[in-house]
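The values are calculated or read from the model by the stated rules, or taken from the named source; none is laboratory data. These figures come from a predicted structure and were not determined experimentally. Neighbour counts are summed over all protein chains in view; Cβ atoms, including those assigned to glycine, are modelled from backbone coordinates with ideal geometry.
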Number of protein chains: 2
Amino acid sequence: MRIVSTMPISEKYIKPVSEKYDFIEWIIKDNMEEARPWLSKAEIFLTLGFDTLAADIEKAEQLKWIHVLSAGVDQMPFDVIQNKQILLTNTRGIHKIPMSEYVIGVMLDHVKKTLFFHEMQKKKTWERRRDIGELYGKTLVVVGTGSIGKDIAHKGKVFGMHTIGVNTSGSEEEFFDQIYSRKDLNEALSQGDFVVIVVPLTQETQNMIGREQFKAMKENAYFINIARGPVVKEKDLIHALQSKDIGGAALDVFTIEPLSSNSPLWTLENVFITPHVSGVTASYTQRAFELFVKNLEVYIEKKGRYINIVDLERQY
Amino acid sequence: MRIVSTMPISEKYIKPVSEKYDFIEWIIKDNMEEARPWLSKAEIFLTLGFDTLAADIEKAEQLKWIHVLSAGVDQMPFDVIQNKQILLTNTRGIHKIPMSEYVIGVMLDHVKKTLFFHEMQKKKTWERRRDIGELYGKTLVVVGTGSIGKDIAHKGKVFGMHTIGVNTSGSEEEFFDQIYSRKDLNEALSQGDFVVIVVPLTQETQNMIGREQFKAMKENAYFINIARGPVVKEKDLIHALQSKDIGGAALDVFTIEPLSSNSPLWTLENVFITPHVSGVTASYTQRAFELFVKNLEVYIEKKGRYINIVDLERQY
């Protein structure tokens, strides 16, 4: 049984698994280019998700299971996976820790004027200001109430925030004081001091946040996108920031990445940019591999339930 | 009954109280200088704590109660207050929200490399890095387990941190996984990925953190002082940072404030400086005045219990 990976995985993680299942042939590569020649005889394929072409899957005649070592499957070739009835699983669920920490961090930086004080420090200037805000008592709107959204709401509650969630059905979820269904998105957005976007990118969520949504937000709303760039109409976002329809933004994802040096986003006032790192953590590989191993046990021993099967119809 | 304040308080907060107790003469000034001439006939005195001299209290012949509109009473003239048997209360307890938010914020900035990404943004540079940390699983040592320390530990627990508290007696406190007594300070410090100082400044706590304590800390420990400058031997702190005995620091308080532009702290690597603002919030005056009004009701109606009586022996 051959397992091919397009992502390096430390020998120390693989060793206990290969001792347990000594019939596995592990082909661990640094990227898709190096992994490609090994795919034709692979039974299990570990990929980063954005590096896999339809032709790769087409040629992999023995392939039965693809496990994506990230949460985003929006760039996977769904047609061929569905045709070949390949099992598709992903690594959602392990991102909630770094991503909820990221969101609380950028919200605190916004109210606490962190970057202002950093600039003052560089000038060796002691400048107190009285307009320092708090998260306490503020309203946090989270669009997407999956495991990451719930963890953000959980932390928000401990900071004394009022939490509003938006999901497809409007069904209640833990840690949210209120839930709105997707059709009432604008009403939910209108209440947020902070608006966090954390939905998967699908046909339904693409371009979900545009001019109308920014108009619905409070004029001091702080907008945070940790989902995927194409969920937001980037031109409308830039316009909303320039015309002060909203108060600011922390952006980790963009329509085209890396973000072009020509983008006005880099220099807009009250915009904080990070290079798609909200889910990154030094603990990532370990957690991702642990999740894969749990699924591998189900695959080999044919008992138990897979974690994170991707619905090939809904594509997440 | 005359009430004199050295801090401006909005008419909207005073109005409902003056309607209820119409016998009060309110003398609300912007600072001690303006308030001083009115003190001789004051019965109640609202001060910021650092602006009041022994001579001021000596001359205030009708003074029965001083309420300090901050938590720090270390600069109050205790001898004369004790001699004249004046009631002393302060505003501790309302700082826990801004201060615990401050601490979580600077810890997240440290692990998330916030200032690095801010500098990259200014250069329009997309530079991903994989060494982003988390609060999750880290050990948080809080020296001082009062209301602020407990609130920091409470939030730390929700981030999945292991919380260790240090207090005088070593007695258990909510939200702390472990408690050490003051005599085992160094042992507690040796375990912290983060060390937060949040004790009142007293004769016992002055110079509490020096060379020996920094030596006891982990070499990547991140040190946070939101207490008072003199709790820490600033020269030893600078030495510990320069010689990399510790990993970095967020400092809101200093031996002499404002911090001199000659201080090496401004430019040390991995040091974040704020100008004594960790307790500042736009909601401060309102919360501080609400607490005073509760005490005022006890004072006038002679029933109930005062909040935050300062122990004149222990001086906090």
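Some values worked out for this structure:
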| quantity | calculated |
| --- | --- |
| Selection within region B:123-154 - facing chain A (nearest Cβ under 8 Å) and buried (at least 23 other Cβ atoms within 10 Å of the Cβ) | B:Ile132, B:Leu135 |
| Odd one out for A:Met120 among (1) within 14 Å of another protein chain (Cβ to nearest Cβ); (2) outside any helix (DSSP H, G or I) | (2) |
| Failed condition for A:Ile81, given (1) within 8 Å of chain B (Cβ to nearest Cβ); (2) at pLDDT 95 or above; (3) over 17 Å from B:Leu251 (Cβ atoms) | (1) |
| Qualifying residue in region A:217-228 (condition: among the hydroxyl-bearing types (Ser, Thr, Tyr), at pLDDT 95 or above, under 21 Å from A:His110 (Cβ atoms) and crowded, with 16+ Cβ neighbours inside 10 Å) | yes |
| Qualifying positions in region B:160-191 - surrounded by 22 or more Cβ atoms within 10 Å (Cβ to Cβ) and outside any helix (DSSP H, G or I) | B:Met161, B:Thr163, B:Ile164, B:Gly165, B:Val166, B:Phe176 |
| Residue selected from region B:105-117 under the condition more than 7 Å from chain A (Cβ to nearest Cβ) and surrounded by 22 or more Cβ atoms within 10 Å (Cβ to Cβ), by the criterion farthest from the chain's Cα centre (by Cα) | B:Val111 |
| So A:Ala71, is it at pLDDT below 95 and away from chain B (no Cβ under 14 Å) | yes |
| Failed condition for A:Asn270, given (1) in contact with an Asp or Glu (Cβ under 8 Å, 6 or more places away or on another chain); (2) within 27 Å of A:Glu134 (Cβ to Cβ) | (1) |
| Residue in region B:1-16 that is nearest to B:Leu39 (Cα to Cα), counting only those that are surrounded by 17 or more Cβ atoms within 10 Å (Cβ to Cβ) and among the aliphatic types (A, V, I, L, M) | B:Val4 |
| Within region B:5-103, helices (runs of 4 or more DSSP H) holding 1 or more residues that are on the phi < 0 side of the Ramachandran plot and in contact (Cβ under 8 Å) with a residue 60 or more places away in the chain | B:11-20, B:78-83 |
| Matching residues, region B:47-68, being crowded, with 16+ Cβ neighbours inside 10 Å, within 16 Å of the chain's Cα centre (by Cα) and at pLDDT below 95 | B:Leu48, B:Gly49 |
| Inter-residue pairs, beta-carbon under 7 Å, first of a type in the set (Ser, Thr, Tyr) and in region A:255-270, second assigned to a helix (DSSP H, G or I), 6+ apart | A:Thr255/A:Gly229; A:Thr255/A:Pro230; A:Thr255/A:Glu234 |
| Conditions (1) assigned to a strand (DSSP E or B); (2) free of Cβ contacts under 8 Å to residues at least 12 places away in the same chain: number failed by A:Val142 | (2) |
| Output for region A:275-288, where each listed residue is modelled with pLDDT under 95 and in contact with a helix residue (DSSP H, G or I) (Cβ under 6 Å, 6 or more places away or on another chain) | A:Gly279, A:Thr281 |
| Per-region count, region A:241-264, residues within 12 Å of chain B (Cβ to nearest Cβ) and either surrounded by fewer than 19 Cβ atoms within 10 Å (Cβ to Cβ) or at pLDDT below 95 (or both) | 8 |
| Strands (runs of 3 or more DSSP E) (entirely within region A:192-267) containing at least 1 residues that are among the β-branched types (Val, Ile, Thr) and closer than 17 Å to B:Gln121 by Cα | A:222-225 |
